[in-house]
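Have a look at the structure below, then the notes.
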Amino acid sequence: MNTSPVRVTVTGAAGNISYALLFRIAAGEMLGPDVPVELRLLEIEQAVAAAEGTAMELDDAAFPLLRGIDVTADADAAFDGTSIAILVGAMPRREGMDRADLLEANGRIFGPQGRAIAANAAPDVRVLVVGNPANTNALIARAAAPDVPADRFTAMMRLDHNRALARLAERTGAGVDRIERLHVWGNHSDSQVPDVDHALVDGRPLREVVADDAWLDGPFREAVATRGAAIIKARGASSAASAASAAVDHVRDWVLGTRPGDWTTAALPSTGAYGIPEGLVAGVPVTSDGGAWHVVEGLSRSALVQERIDATVAELTSEREAVDTLGLLR
Ligand code: NAD
Ligand code: LMR
């Protein structure tokens, strides 16, 4: 048994996603059943008392793996010695809001947090940005931490991936674990591109099993891409437990590795693969060897998929330009 605890920092600790996420981490579902964790919770001053309430509940759950919890409004203290930083703290979109509405308000959070990570975190730090607009917030945090290897900054596209998996499982009647080699390109927005062209169900091409290209290329793609808005409409609040679950999946696969023969989706700073401009944080097919993500290279794209990838990449490019104009990349 590994006895030295891994320090995990979660921002926005008093919020809805964290209320689901923290208990899953403390239960050992993210880093494994033998790995003790130490939690550092970051909140804004006004919400520190509420985060302390969540910490009291974590204590009361008596998780055997939980070796300590600190709550703070000081980013330097929150990221001190941390190996896993999950940046959730940001305003969620409400009904009728566009993700672009969040760009300026939330973008301002991520430069200072990137700097605090660079100054204080452990050398092996891995960062997952959940707060929206997640891809561009990860770009901002990474720009503020030039001495941290770029591939340690990622944004969450796993919820989109899981949503696609769930729709396909419903449609085919196969369990989610029987569907492989699916991924979602681009931005965590309605321009995202779920790609089923290489997907398999029990080893058979998914397109053959579904036998309905019109559904796959139309209603399926739209249902996945607009699911966030549909949840907001139905709940009156943005997705929380499913987002927390996707964050657990992302970090678990990053640290412990993906299933042999399969791949998943993560948004990584581009190194130019698939023609995505360098530095943009875009959803791509990835495997993990239990330490680092590797882009699955060389997958063919149909003309339709490539046209949609171009559109989602153009959106990421315009978000980068917008935050650059706001001075958030300096
Ligand atoms: P929430 O409003 O319930 O909680 C957000 C928390 O962040 C609040 O407690 C707030 O005080 C805190 N916060 C704000 N600024 C902060 C800062 N500078 N430092 C630390 N904490 C700060 O929101 P939520 O439902 O938990 O959602 C959080 C974010 O996650 C939103 O931006 C939402 O849109 C996003 N989200 C992303 C995905 C995804 O797939 N990437 C999915 C769902 C939600
Ligand atoms: C989601 O996908 O559920 C979140 O990112 C919320 C949103 O604004 O769509």
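Every test in (1) more than 16 Å from L41 (Cα to Cα); (2) open to solvent by 20 Å² or more (accessible area, probe 1.4 Å) is passed by L65 save one, and that test is (2). Screening A122 with (1) under 21 Å from F220 (Cα atoms); (2) in contact with a strand residue (DSSP E or B) (Cβ under 9 Å, 6 or more places away or on another chain); (3) surrounded by fewer than 24 Cβ atoms within 10 Å (Cβ to Cβ) gives one miss only, at (1). Set side by side, the residues A214, A230 differ, and just one is assigned to a helix (DSSP H, G or I), under 20 Å from the mean Cα position of the chain (by Cα) and surrounded by fewer than 17 Cβ atoms within 10 Å (Cβ to Cβ), which is A230. Filtered by the rule that a residue be closer than 19 Å to F153 by Cβ and open to solvent by less than 60 Å² (accessible area, probe 1.4 Å), region 100-116 gives L102, L103, N106, G107, I109, F110, G111, Q113, G114, A116.
Taking helices (runs of 4 or more DSSP H) as the structural unit, those lying wholly within region 46-120 and holding at least 3 residues that are within 16 Å of ligand 2 (Cβ to nearest atom) correspond to 101-120. Looking at R67, is it among the basic types (K, R) and in contact with a helix residue (DSSP H, G or I) (Cβ under 7 Å, 6 or more places away or on another chain)? Considered against the rule, which asks whether it is among the basic types (K, R) and in contact with a helix residue (DSSP H, G or I) (Cβ under 7 Å, 6 or more places away or on another chain), R67 comes out as no. Hey, does region 319-327 have a residue that's touching a helix residue (DSSP H, G or I) at 6+ places or on another chain (Cβ under 7 Å), within 28 Å of D177 (Cβ to Cβ) and open to solvent by less than 50 Å² (accessible area, probe 1.4 Å)? The answer is no; no qualifying residue exists. Every condition in (1) closer than 22 Å to V313 by Cα; (2) within 13 Å of ligand 2 (Cβ to nearest atom) is met by I232 except one, and the failing one is (1).
Among the residues of region 1-55, those identified as open to solvent by 70 Å² or more (accessible area, probe 1.4 Å) and within 16 Å of ligand 1 (Cβ to nearest atom) are N16, Y19, I44, E45, Q46, A49, E52. Residues in region 143-166 that are in a helix (DSSP H, G or I) and within 16 Å of ligand 1 (Cβ to nearest atom): R158, L159, D160, H161, N162, R163, A164, L165, A166. Taking first residues from region 224-237 that are under 19 Å from R158 (Cβ atoms) and partners that are more than 9 Å from ligand 2 (Cβ to nearest atom) and of a type in the set (S, T, N, Q), the Cβ contacts under 6 Å between residues at least 6 apart in sequence or on separate chains come to A225/Q192. Looking across region 235-257, the residues that are within 13 Å of ligand 2 (Cβ to nearest atom) and either touching a Pro at 6+ places or on another chain (Cβ under 9 Å) or assigned to a loop (DSSP other than H, G, I, E, B) (or both) come down to G236, A237, S238, S239, A240. D147 satisfies every condition listed in (1) surrounded by fewer than 22 Cβ atoms within 10 Å (Cβ to Cβ); (2) within 16 Å of ligand 2 (Cβ to nearest atom) except (2).
The values are calculated or read from the model by the stated rules, or taken from the named source; none is laboratory data. What you see is a predicted model; the values in this text were computed from it and never measured. Methodologically, a virtual Cβ is constructed for each residue, glycine included, from the backbone with ideal geometry; neighbour enumeration extends over all protein chains shown. What goes into the accessible areas is simple: the full protein's heavy atoms, side chains included, and nothing from ligands, DNA or RNA. Shrake-Rupley method; radii C 1.70, N 1.55, O 1.52, S 1.80 Å.
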